[in-house]
1. Just for the range 63-78: of the residues that are open to solvent by 10 Å² or more (accessible area, probe 1.4 Å) and assigned to a strand (DSSP E or B), which one is nearest to ligand 1 (Cβ to nearest atom)?
2. Residue check: is Tyr224 in the same structural domain as Gln325 (by TED's automatic domain parsing), surrounded by 15 or more Cβ atoms within 10 Å (Cβ to Cβ) and under 25 Å from the mean Cα position of the chain (by Cα)?
3. Limited to the range 181-206, what total is found for residues that are part of a strand (DSSP E or B) and open to solvent by 10 Å² or more (accessible area, probe 1.4 Å)?
4. Considering each residue of the range 87-106, count those that are in contact with a Gly (Cβ under 8 Å, 6 or more places away or on another chain) and buried (at least 21 other Cβ atoms within 10 Å of the Cβ), and give that number.
5. If you check Gly291 against the conditions, is it open to solvent by 10 Å² or more (accessible area, probe 1.4 Å) and among the small types (Gly, Ala, Ser)?
6. Just to be sure I understand the filter: pairs with C-beta atoms under 7 Å, separated by 6 or more residues or on different chains, first member in the range 101-122 and more than 16 Å from ligand 2 (Cβ to nearest atom), second member among the hydrophobic types (A, V, I, L, M, F, W, C) and assigned to a loop (DSSP other than H, G, I, E, B). Which pairs pass?
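The values are calculated or read from the model by the stated rules, or taken from the named source; none is laboratory data. What you are looking at is a predicted structure, and each value in this text was computed from that prediction instead of being measured. Because the Cβ atoms are built from the backbone with ideal geometry, glycine has one as well, and the counts that use them run over all protein chains shown. Accessible surface areas use protein heavy atoms only, side chains included; no ligands, DNA or RNA. Shrake-Rupley method; radii C 1.70, N 1.55, O 1.52, S 1.80 Å.
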Amino acid sequence: MAKFPVTLSRFIIEQQTAYPEATGEFSVLLTQIGLVGKLIAHDLRRAGLIDVLGTTGETNVQGEVVKRLDMIANDTFLRVFEHSGLVCVLASEEMEKPIQLPQHWPKGKYMLLFDPLDGSSNTDVNMPLGAIFSILKHDGRGRLPAEAELFRKGTEQVAAGYLLFGSSTMLVFSVGQRVHGFTLDPSIGEYLLSHENIRIPKKGKVYAANEGNYHRWLPGTQKYVDALKVNDKAAGRPYSARYSGCLVADVHRILLGGGIYLYPGEIDKPEGKLRLLYEANPMAMVVEHAGGKASTGTERILDLEPKALHQRVPLIIGSAEDVEQAEASIQGRA
Ligand code: AHG
Ligand code: MN
Ligand code: MN
Ligand code: MN
């Protein structure tokens, strides 16, 4: 008899037995993230036909032009979670301030931070997109958390992961140790386990970076990327360049096949572009729990003490040996 597919719900319930203290809330929360993925995928798969492309004409707190699909994805997260009774606060790349749920709405002990649509430059050209989520636990029962209570180190995340809207829709997450990937079967509307216990290779042969910024990189970064392109078969060089403009898609490739993604600090922007709380931290948790590394170039991402909701950090993430080599070059040790 064919092996019965492992659905997301079944997997979470089985995981729950490994975490006796885990309540059903956590399982429902991850299932709701799956629902958000189905709803966003439903829009993206027909985006060219349902008048959702283009921009809203607004500029967000990041100083970015907001795409209509950024807002649609943001609203999808809000609609699914504000009545879920699972969370007490929602924070997003697209909202200047966190949303405190109205007093009379059901609340839960989780704090959800998210990038509702990652890779927005890809929306109108049918290229890969993602969504990233980070889950923290609020210990002040009942009392609503102040914004500063969201500024928790990445090591304090109870779960983190991403949705990848690529040739298929995937949900990849870690709830504390291992990393698992589920693929949405649209014909039955279920996420089925497709990548159990993902382990990233110690070293890869792919690098992802926007080399259009090369002239703004610091010398150590330039030296590292230059070395990746030297024709030295013995050293496994050159690496292949693969860059999609979507952090989730580029890191997912590297998570499965090995390599390194860099969005480094720049001469006039030492903090880089990517946001710590809802991009770097969740992606770092996933990659570290798969055996990889995530660094600013000088510090471990997950150890950083956040100071602001939309704080940016340089991100060097991927196979452990590749990240270590990049760090050595950036720190002038190689
Ligand atoms: P977002 O679309 O959520 O603002 O994130 C975009 C990020 C990341 O997804 C991607 O790797 C990077 O910005 C692309 O930046 P450049 O266009 O500067 O390369
Ligand atoms: Mn993003
Ligand atoms: Mn985004
Ligand atoms: Mn953006």
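1. So the residue we want is Lys67.
2. Details: in the same structural domain as Gln325 (by TED's automatic domain parsing): yes; surrounded by 15 or more Cβ atoms within 10 Å (Cβ to Cβ): yes; under 25 Å from the mean Cα position of the chain (by Cα): yes.
So Tyr224 passes the test.
3. Quick first cut of the range 181-206, residues part of a strand (DSSP E or B) only: 181-185, 190-195, 206.
The next check asks that each one be open to solvent by 10 Å² or more (accessible area, probe 1.4 Å); those that pass are 183-185, 190, 192-195, 206.
Selection size over the range 181-206: 9.
4. 2
5. yes
6. Lys107/Leu101; Gly108/Leu86; Tyr110/Leu86
Let's see how each residue does on (1) farther than 25 Å from Ser168 by Cβ; (2) crowded, with 24+ Cβ neighbours inside 10 Å; (3) modelled with pLDDT of 95 or more:
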| residue | (1), (2), (3) |
| --- | --- |
| Tyr243 | no, no, yes |
| Val251 | no, yes, yes |
| Gly257 | no, no, yes |
| Pro264 | yes, yes, yes |
| Gly272 | yes, no, yes |
| Asn281 | yes, yes, yes |
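Yes/no per residue for (1) away from ligand 1 (no atom under 16 Å from the Cβ); (2) assigned by TED's automatic domain parsing to the domain that holds Val286; (3) surrounded by 20 or more Cβ atoms within 10 Å (Cβ to Cβ):
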position	(1), (2), (3)
Ser120	no, no, yes
Val125	no, no, no
Ile132	no, no, yes
Thr155	yes, no, no
